[in-house]
1. For segment 206-307, just list the percent of Cα-Cα distances falling in each 5 Å bin from zero outward, please.
2. Report the relative contact order of segment 1-130, percent, no decimals, based on alpha-carbon pairs under 8 angstrom and at least 6 residues apart.
3. Once the Cβ-Cβ distance between LEU5 and GLN123 is put in as r, and R0 is 41 Å, what FRET efficiency do you end up with, to the nearest 0.05?
4. For an R0 of 25 angstrom, estimate the FRET efficiency from the Cβ-Cβ distance between GLN257 and SER195 and round to the nearest 0.05.
5. State the percentage of accessible surface on segment 42-92 attributable to carbon and sulfur atoms; use a 1.4 Å probe and exclude ligands, DNA and RNA.
6. Using a simple spin-label model with points 7 Å from Cα along the Cα→Cβ vector, what separation in nm is obtained for LEU309 and TYR39?
7. Once you put a point 7 Å from the Cα of LYS25 and another 7 Å from the Cα of ARG111, both along the Cβ direction, what distance in nm separates them?
8. Over all directions, average the projected area of the Cα convex hull of segment 153-209 and note it in nm².
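The values are calculated or read from the model by the stated rules, or taken from the named source; none is laboratory data. Values in this document were obtained by computation on a predicted structure and should not be read as measured data. Because the Cβ atoms are built from the backbone with ideal geometry, glycine has one as well, and the counts that use them run over all protein chains shown. SASA here: full protein model, heavy atoms, side chains in, ligands and nucleic acids out. Shrake-Rupley method; radii C 1.70, N 1.55, O 1.52, S 1.80 Å.
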Amino acid sequence: MAGILAWFWNERFWLPHNVTWADLKNTEEATFPQAEDLYLAFPLAFCIFMVRLIFERFVAKPCAIALNIQANGPQIAQPNAILEKVFTAITKHPDEKRLEGLSKQLDWDVRSIQRWFRQRRNQEKPSTLTRFCESMWRFSFYLYVFTYGVRFLKKTPWLWNTRHCWYNYPYQPLTTDLHYYYILELSFYWSLMFSQFTDIKRKDFGIMFLHHFVSVLLITFSYVNNMARVGTLVLCLHDSADALLEAAKMANYAKFQKMCDLLFVMFAMVFITTRLGIFPLWVLNTTLFESWEIVGPYPSWWVFNLLLLLIQGLNCFWSYLIVKIACKAVSKGKVSKDDRSDIESSSDEEDLEPPGKNPHTTTTTNGTGGSNGYLLTGPCSMDD
């Protein structure tokens, strides 16, 4: 084990040439980031999750009720032991052959069995109230952490001149504000990684999990080798658009359509400007070129920049989806849902209905014309 730890913490990988871990030990004059500080993120992640549960129950839910957001779920499927067994043990999406077999076994027509499976899948979807509470929690946290980041960074020299991220590197002391900011962000991303398995299921689950995982790696990486200054710029920049997204979703759930549309436009502008403009031209410029000039490359420098480039790739992917949804809104006047929406929506389910059926007679849930509340005019039918 000692050999493995010595290999993992090899100074020639983590630190610039001629720098050792002993040089970055805490002294009475200065405090530096220590790897063991990161253990604090795990109990804090649990605390954040508990605070979230309390917030959603005692703050978000009353706000939702005050906005007349109901907890009504979708229509309940008719109890049937045979179909329930197939649904839970075999498949939630039976193919044509299985549908025909079930039709003969139950003496039901195929269309009725399709409708039963659609209703049964919809039963597992969260209500609009649940969605609103989740969005309000995320909005509140993102707004707080972004506000804190701006207040902290405006007092730092590296916000105004990014070359200060590398002057005297890695002998840059760790301040209390910077330590708090980093540990809070790391704890939140750990909580997101774990709660993603219990939160509302979305079709971009894998991409979001990758994003959270890379974010945890970046925060951990930059803290251990004391790239925390540039790390704060990355964190604050990426937090800038998130609160607007959650605010747009809350307006959507509350059926404030004009406000939702306005917030979505603001979100799209901030997201694309910060992640496709400011991030590569400002942050990647300093991590790739200014740091090369002032400090020079070393192994963990390459890994850090590769992770930043991976984040930028995800930014490009999401920007493409935002532009795509905006183009749909402009050309058609409405969109079905954001491409980063839930893993399954009842608008997708309508494809199971036979051609020629009057859509106005389709079974509806949540009183929104067969769309389960996700088909709204304007760009705010997106749901992250």
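1. That works out to 2, 12, 17, 20, 17, 12, 8, 6, 4, 2, 1, in percent per bin.
2. For segment 1-130, the relative contact order is 26 percent.
3. Step by step, r from the Cβ atoms, then E = 0.25.
4. Step by step, r from the Cβ atoms, then E = 0.30.
5. Of all accessible area on segment 42-92, carbon and sulfur atoms account for 68 percent.
6. 3.6
7. Roughly 8.0 nm, to one decimal.
8. The directionally averaged projection comes out at 5.8 nm².
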